[in-house]
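The values are calculated or read from the model by the stated rules, or taken from the named source; none is laboratory data. All of these numbers come straight from a predicted model, not from anything done at the bench. Note that we place each Cβ from the backbone using ideal geometry, even for glycine, and neighbour counts take in every protein chain shown. The accessibility values were calculated without ligands, DNA or RNA, using every heavy atom of the protein model including side chains. Shrake-Rupley method; radii C 1.70, N 1.55, O 1.52, S 1.80 Å.
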Amino acid sequence: MGHPRGAWWGVNRPPTLRLVSVDRAGEPDDVALVRALVAREDWAATAIWHRYAPMVYGVLDRALGSAGESEDLTQEVFWRIFAAIRNLREPSALRSFIYSATVRMLRWHLRSKKLRRIFLLSNSGEMPDRPVPAADSEGRELLGRFYRLLDTLSANDRTSFVLRHVEGLGLREIAEATGASLATVKRRVRRASDRITVLAKADPELVHYVVRRGDSDDR
Amino acid sequence: MSFDAEIPMTGKDAENTAEFPSEALVQLIHTQQGHMSVRQRIEGGRSLLARSMWSRRPRRWSMREMGPVLAVAVVVIGLVISARGRRATSALSVAVDGGHLDREGFVQAESPRPARLRFSDGTEVLLDRDTRASVRSLDSHGARVSLAEGTAHVDVLHKPGTSWLFDAGPFLVHVTGTSFTLAWKAADQQLDLKMERGTVEVSGPLSDGSILLRSGQHLIVRVRQRETLIRDVEDEAAPQRPAPEARAAEGGEQEAGTPAMTAVTSAATGAGAPLHASRRIENVDWSAELPKGGFEAIVEEAERWGVEATLNKASSENLAALADAARYGRRDDVARRALLAQRRRFPGASAARDASFLLGRLEESQHDVAGAIEWFDRYLDESPSGTYASEALGRKMILVRALYGDARARAVAASYLSRFPQGVYAARAQALARAP
């Protein structure tokens with residue numbers, strides 16, 4: 001608080017004493033982190049993890065609805081990023097680099113789940129996992145129904161659907177993140193949306209969350 | 001590619017928007033999914049570092065990834081398991097010098113000298129006398145050490161994949177390779193962590209996320225007072241303030257005819273030590289003494305001179321230091337008077353503006369929610385870009401929610417997100433903004 005700031009008797013600064021709200025002030029920027037990571041300084045890996053792990057985990061958890069899967073995959077994303085960090089030509093693009101890696105990991109994982117289902121490793125293609133950590137039973141039930149509908153989509157359709165409707169990305173951003181053309185992304189989003197809408201309308205709980213958005217959407 | 005800026009939907013984009021999911025369902029997903037806990041971050045980071053690219057060990061595949069392979073090639077699994085078994089590394093071992101383990105597993109010093117934990121990787125933990133600590137777990141990358149009471153001097157040998165955890169009361173310190181001194185006073189609920197080199201992350205109460213500390217920083221957390229402080233060790237060791245005569249020669253603020261200040265030794269200004277009886281309010285420099293921890297001594301000195309007289313004579317810097325000392329010493333009555341005096345006597349000064357925020361925190365601690373909001377508003381009016389602007393707006397959001405409900409708090413949350421999208425209250429503000 002109000003200790004004198006700046007020059008103090010023209011010689012020494014007073015001891016810095018402040019209330020702390022942890023923020024980014026004084027932390028190394030992404031460029032410095034990438035350079036340190038390339039130089040194999042361990043602290044940079046830790047710092048990148050703590051800066052971006054919540055973002056990666058958030059995208060994965062909202063897409064998959066499974067904390068356990070999301071934790072594993074978040075680590076996998078960063079493991080691969082650290083291994084490939086030398087390929088990042090523009091260090092300031094670290095955030096986008098991580099986001100793209102997250103989307104790739106999501107698609108890879110969804111395809112793996114399909115494979116597991118084919119090989120009948122489990123009935124649903126899911127490994128035993130923790131339940132959706134919803135705060136209330138009604139919400140938990142609703143989200144469980146929603147994620148079961150998502151499980152019926154292909155990996156590409158589900159990724160595009162989630163990025164568009166849950167993460168709120170623009171179609172062009174999805175195209176960049178998934179490496180698909182804009183037209184392909186539009187097709188995937190529309191196909192997934194149509195299918196999910198039909199299934200949701202047949203669900204006694206989810207039907208209440210199907211809303212009309214005007215005649216232009218009523219295809 | 002940037003994901004920072006949302007690209008608005010074009011008319012054609014809108015045509016691709018179907019009817020599902022509804023906004024309410026998306027809000028539910030954002031409210032209930034995707035929030036990574038501090039512990040998930042700490043433990044996840046630890047696991048990740050243990051297998052980081054420079055660990056030189058081959059990648060370990062998870063069972064989840066092996067699933068399809070399991071179904072078609074069981075024999076390959078056997079080979080993999082066999083290979084993993086061969087690669088397994090042994091856990092660290094630990095020896096105790098100058099102490100022994102008691103029945104509860106705590107290390108007990110046997111001599112006046114500190115007990116020393118020597119780990120097989122070269123890491124050492126020196127335990128001061130009367131310190132209670134135990135080694136909770138060991139693996140090939142580090143150990144988890146629990147500090148129940150006292151002071152530990154830690155020197156973790158940095159190696160690839162090194163990862164250590166130190167519990168100190170409710171706090172968790174995550175270490176990759178560093179030297180520091182960690183103290184936990186259970187009775188006072190106070191954490192004290194002084195960094196010598198490297199970095200650590202501290203998670204626990206009073207912070208939304210973990211706190212990253214680097215070499216040369218000193219963290220103090222007082223749980224009861226709900227105070228978290230970080231300061232530079234270098235500043236603490238800064239030379240004493242020059243003598244008044246020297247300051248006067250430099251054009252300082254020393255008033256003519258004021259007696260020279262008695263030299264203050266570090267021993268005299270240690271925590272709780274009484275200050276020199278012959279000192280006078282015009283000569284003291286509490287702002288220099290405060291970081292050494294003599295909170296009670298500063299307040300006692302003010303009371304010895306008379307609080308009212310002190311408040312009327314003290315400089316702005318000393319008033320600020322007195323307010324801090326009183327807050328840290330849980331003398332809210334004195335703190336409030338000092339802060340109000342600061343505003344009355346030095347209106348317009350930065351310390352007076354900061355006093356508004358601190359008065360808000362004081363009122364909040366006294367459960368005067370409306371009073372706290374008023375002070376936070378005043379601070380935000382006077383210092384919209386001030387040091388505590390983010391904190392003031394974040395606290396206001398929480399208090400408005402408590403007092404008036406979500407609807408009114410949502411407007412504050414929106415204001416917070418627009419001004420401090422990366423702030424420590426951003427997650428709460430987003431949750432509030434999305435709540436149905």
Candidate set from region A:152-167 (those that are part of a loop (DSSP other than H, G, I, E, B) and not polar (S, T, N, Q)); member that is nearest to the other protein chains (Cβ to nearest Cβ):
A:E167
Taking B:S82 as the residue in question, decide whether it is modelled with pLDDT under 65 and either more than 14 Å from chain A (Cβ to nearest Cβ) or surrounded by fewer than 13 Cβ atoms within 10 Å (Cβ to Cβ) (or both).
yes
Is there a residue in region A:104-114 that is farther than 19 Å from B:Q40 by Cα, in a helix (DSSP H, G or I) and within 8 Å of chain B (Cβ to nearest Cβ)?
yes
Taking the conditions exactly as written (modelled with pLDDT of 90 or more, over 21 Å from A:R51 (Cβ atoms) and either buried (at least 19 other Cβ atoms within 10 Å of the Cβ) or touching a strand residue (DSSP E or B) at 6+ places or on another chain (Cβ under 9 Å) (or both)), does B:Y379 satisfy them or not?
yes
Which pairs do you get when a residue that is of a type in the set (A, V, I, L, M), found in region A:192-203, comes within reach of a residue that is open to solvent by 50 Å² or more (accessible area, probe 1.4 Å), reach meaning Cβ atoms under 7 angstrom, with the pair 6+ apart or on two chains?
A:L199/A:T152; A:A200/A:V207; A:A200/A:Y209
Among A:S96, A:S70, which is the only one that is without any contact (Cβ under 8 Å) to a residue 40 or more places away in the chain and within 16 Å of A:L169 (Cα to Cα)?
A:S96
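For every residue, the table says whether it meets (1) small (G, A, S); (2) closer than 23 Å to B:G423 by Cβ; (3) modelled with pLDDT of 65 or more.
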site	(1), (2), (3)
B:T178	no, no, yes
B:Q190	no, no, yes
B:T199	no, yes, yes
B:L206	no, yes, no
B:I220	no, yes, yes
B:L229	no, yes, yes
B:E255	no, no, no
Would you be able to say whether some residue in region B:310-317 is within 26 Å of B:I220 (Cα to Cα), crowded, with 23+ Cβ neighbours inside 10 Å, aliphatic (A, V, I, L, M) and in contact with a helix residue (DSSP H, G or I) (Cβ under 9 Å, 6 or more places away or on another chain)?
no
Grab the helices (runs of 4 or more DSSP H) fully contained in region B:349-419, keeping just those with 2 or more residues being closer than 18 Å to B:A323 by Cα.
B:350-365, B:369-382
Residues of region B:388-402 satisfying the condition of being surrounded by fewer than 19 Cβ atoms within 10 Å (Cβ to Cβ) and either touching a strand residue (DSSP E or B) at 6+ places or on another chain (Cβ under 7 Å) or modelled with pLDDT of 90 or more (or both):
none
Can you find a residue that is touching a residue at least 40 places away in the same chain (Cβ under 8 Å) and exposed (fewer than 15 other Cβ atoms within 10 Å of the Cβ) anywhere in region B:100-123?
no
Selected residue (criterion: farthest from the other protein chains (Cβ to nearest Cβ)) from residues of region A:73-92 that are in contact (Cβ under 8 Å) with a residue 24 or more places away in the chain and among the hydrophobic types (A, V, I, L, M, F, W, C):
A:L88
The one condition in (1) open to solvent by less than 10 Å² (accessible area, probe 1.4 Å); (2) touching a helix residue (DSSP H, G or I) at 6+ places or on another chain (Cβ under 6 Å); (3) more than 25 Å from B:R222 (Cβ to Cβ) that B:V156 fails to fulfil:
(2)
Kindly indicate whether any position in region A:3-23 is more than 9 Å from chain B (Cβ to nearest Cβ), open to solvent by 40 Å² or more (accessible area, probe 1.4 Å) and modelled with pLDDT of 75 or more.
no
Inspect all residues belonging to region B:164-173 and state whether any of them is farther than 23 Å from B:R226 by Cβ, under 22 Å from the mean Cα position of the chain (by Cα) and assigned by TED's automatic domain parsing to the domain that holds B:R226.
yes
Which is out of contact with any Ser or Thr (no Cβ under 7 Å at 6 or more places or on another chain) and open to solvent by less than 50 Å² (accessible area, probe 1.4 Å), of B:A321, B:A355, B:A351?
B:A355
Contact list, first residue from region B:374-402 and in the same structural domain as B:V424 (by TED's automatic domain parsing), second anywhere and acidic (D, E) and surrounded by fewer than 19 Cβ atoms within 10 Å (Cβ to Cβ), beta-carbon distance below 8 Å, six or more apart or interchain, is B:S390/A:D23; B:K396/B:D377
Within region B:300-309, residues surrounded by fewer than 23 Cβ atoms within 10 Å (Cβ to Cβ) and assigned to a helix (DSSP H, G or I) come out as B:E300, B:E301, B:E303, B:R304, B:W305, B:V307, B:E308, B:A309
Just name the residue that is modelled with the highest pLDDT out of those in region B:119-174 that are within 28 Å of A:W79 (Cβ to Cβ), assigned to a strand (DSSP E or B) and basic (K, R).
B:R144
A:L199 versus (1) open to solvent by 50 Å² or more (accessible area, probe 1.4 Å); (2) more than 9 Å from chain B (Cβ to nearest Cβ); (3) part of a helix (DSSP H, G or I): which is the lone unmet condition?
(2)
